[in-house]
């Protein structure tokens, strides 16, 4: 899987939120699949505040701890301002992101993408470590999906 570092300016995403954890997502009680079904069923990618041409985003934020703790997921789009509706707005933090480019058919490409994320950060000699601030999936279309993980240089030992 191809990776690269990108420096991102902050921006806002508005969408539907849930709170979950990785253990729940690996069971039939996982919430993320239903979140995306609700997002598309409600045509939320067409809200008035959406920035024209914005990709769809899956934002991971409010981490309780690390990949083992709870976190929020927001399915949404980039917006010019917070909507006055029931949607939640989150700010993607500015900074460096390690970008994982996914390949293959959905949903397996997303599963494989997150497996690559976990494998990368499990390495003891990884160049970067996760910040656990805001991470996101950027979906331009079904053939262009990337996972952005907020990082900082790894601490040298």
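The values are calculated or read from the model by the stated rules, or taken from the named source; none is laboratory data. What you see is a predicted model, and the numbers here were worked out from it, not measured in a lab. Every residue, glycine among them, receives a Cβ derived from its backbone with ideal geometry; neighbour counts consider all protein chains shown.
For (1) part of a strand (DSSP E or B); (2) modelled with pLDDT under 90, each residue gets a yes or a no:
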position: 96; (1), (2): yes, no
position: 112; (1), (2): no, no
position: 120; (1), (2): no, no
position: 126; (1), (2): no, no
position: 129; (1), (2): yes, no
position: 132; (1), (2): no, no
position: 138; (1), (2): yes, no
position: 157; (1), (2): no, yes
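Among 91, 61, 80, which is the only one that is under 14 Å from the mean Cα position of the chain (by Cα) and surrounded by fewer than 17 Cβ atoms within 10 Å (Cβ to Cβ)?
91 is the lone residue from the list that is under 14 Å from the mean Cα position of the chain (by Cα) and surrounded by fewer than 17 Cβ atoms within 10 Å (Cβ to Cβ).
Exactly one of (1) surrounded by 15 or more Cβ atoms within 10 Å (Cβ to Cβ); (2) on the phi > 0 side of the Ramachandran plot is unmet by residue 104. Its number?
Result: residue 104 fails condition (1) only.
Anything in segment 114-140 that is under 27 Å from residue 77 (Cα atoms) and touching a residue at least 60 places away in the same chain (Cβ under 8 Å)? List them, or say none.
116, 130, 132, 133, 134, 135, 136, 137, 138, 139, 140, listed by residue number.
If you take the residues in segment 9-53 that are touching a helix residue (DSSP H, G or I) at 6+ places or on another chain (Cβ under 8 Å) and in a loop (DSSP other than H, G, I, E, B), which one is farthest from residue 136 (Cα to Cα)?
By that ranking, first place goes to 30.
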